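Asker: Here it is, the structure in full.
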Amino acid sequence: MDYFSTEITNLIEELGRLPGIGNKTAQRLAFHIIHMPKEQVDKLSDTIKSAKENIRFCKECFTLTDKEICPICASKERNKKLIMVVESTKDLAAYEKVGKYDGVYHVLHGAISPMLGIGPNDIKLKELMVRLKNDVDELIIATNSNLEGETTAMYITKLVKPSGIKMTRIASGVPVGGDLECIDEVTLLRALEHRIEL
Ligand code: ZN
């Protein structure tokens with residue numbers, strides 16, 4: 001029985017599509033939103049729409065940004081010959097929070113997963129290969145240490161090795177299966193400092 005009106009049910013359903021939001025949380029959020037002042041609701045929905053309209057991939061590193069070139073790639077302080085490959089903009093943010101890395105990134109937007117049907121062409125790998133035609137001193141592979149991350153790291157290694165570019169993998173201090181964004185800064189810094197050559 002539909003004991004909520006359609007509008008409320010729709011709102012709960014839409015919120016429930018978000019990752020990590022179960023039905024109970026979706027209900028709680030829906031009722032919270034309904035009770036919010038109208039201006040606040042307008043601001044929230046405008047912010048979501050504007051973010052969706054204006055956020056795009058950086059032309060160089062493919063992170064999510066609202067500019068053509070993201071602030072990291074645009075910075076003169078960053079070493080363009082040092083590229084760290086990460087799975088997502090969230091992972092990039094985790095390393096930026098540590099604040100000790102002065103290279104640039106390459107954001108893959110995913111990892112190879114035969115089980116989920118995600119192949120090399122579904123992530124920003126071709127784009128990485130194009131970048132590697134430029135002068136690069138070192139490629140740090142910082143994909144997650146779960147199955148997908150390791151598969152991706154191996155794939156990139158095979159692909160890039162013949163070019164002779166120095167390749168390193170962040171140390172295994174990063175817990176297996178751990179999402180990079182959930183790892184504390186000390187662990188992340190250690191993983192980066194103790195990276196191993198491939
Ligand atoms: Zn960038």
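Values in this text are rule-based calculations from the coordinates and carry no lab data. Values in this document were obtained by computation on a predicted structure and should not be read as measured data. Methodologically, a virtual Cβ is constructed for each residue, glycine included, from the backbone with ideal geometry; neighbour enumeration extends over all protein chains shown.
Asker: What FRET efficiency do you get for M154 and K90 if R0 is 30 Å and r is their Cβ-Cβ distance, rounded to the nearest 0.05?
Answerer: The value I calculate is 0.85.
Asker: Could you state the angle between the C-alpha long axis of helix 147-160 and the longest principal axis of the C-alpha atoms of the chain, as a value from 0 to 90 degrees rounded to the nearest 10?
Answerer: It is inclined by approximately 40 degrees.
Asker: Same structure again: Taking amide H atoms as placed 1.01 Å from N in the peptide plane, list the residues 5 or more away in sequence, or in a different chain, whose amide H sits under 5 Å from that of K166.
Answerer: It is L139, by chain and number.
Asker: Report, to the nearest 10°, how far helix 6-16 tilts away from the longest principal axis of the Cα atoms in the chain, using its own Cα long axis and a range of 0 to 90°.
Answerer: The two axes meet at around 20 degrees.
Asker: Can I ask one more? Specify whether the C-alpha gyration tensor of region 64-197 places it in the rounded, prolate or oblate class, a ≥ b ≥ c being the square roots of the eigenvalues: rounded for a/c under 1.5, otherwise prolate if a/b is larger than b/c and oblate if not.
Answerer: In terms of gyration-tensor shape, rounded.
Asker: Using a cut-off of 30 Å between alpha-carbon atoms, which lysines can reach K133, once sequence neighbours fewer than 8 places away in the same chain are excluded?
Answerer: Result set, ordered by chain and number: K59, K67, K76, K80, K81, K90, K97, K100, K124, K158, K161, K166.
Asker: Starting at the first residue of region 161-171, write each ³J(HN,Hα) from the Karplus equation 6.51 cos²θ - 1.76 cosθ + 1.60 with θ = phi - 60°, in whole Hz, x for Gly and Pro.
Answerer: After applying 6.51 cos²θ - 1.76 cosθ + 1.60, I find 3, x, 6, x, 5, 5, 10, 10, 10, 4, 4 Hz.
Asker: Right, another one. Just name one of G119, I141, T187: the one whose Cα is farthest towards the positive end of the charge dipole of the chain (beta-carbon charges, Lys/Arg +1, Asp/Glu -1).
Answerer: Going by the Cα projections, it comes out as I141.
Asker: In whole percent, what relative contact order does region 1-115 give with Cα contacts below 8 Å and a gap of six or more residues?
Answerer: So the answer I get is 16 percent.
Asker: Please state the relative contact order of region 64-197 as a whole percent: Cα pairs under 8 Å, 6+ residues apart?
Answerer: So the answer I get is 25 percent.
Asker: Taking amide hydrogens as modeled 1.01 Å from N in the peptide plane, which residues meet the under 5 Å criterion relative to C61, leaving out close sequence neighbours?
Answerer: Under 5 Å from the amide H of C61: C70.
Asker: Using only Cα atoms and rounding to the nearest 10 degrees, what angle (0 to 90) does helix 89-98 make with the longest principal axis of the chain?
Answerer: Between the helix axis and the principal axis of the chain, the angle is about 70 degrees.
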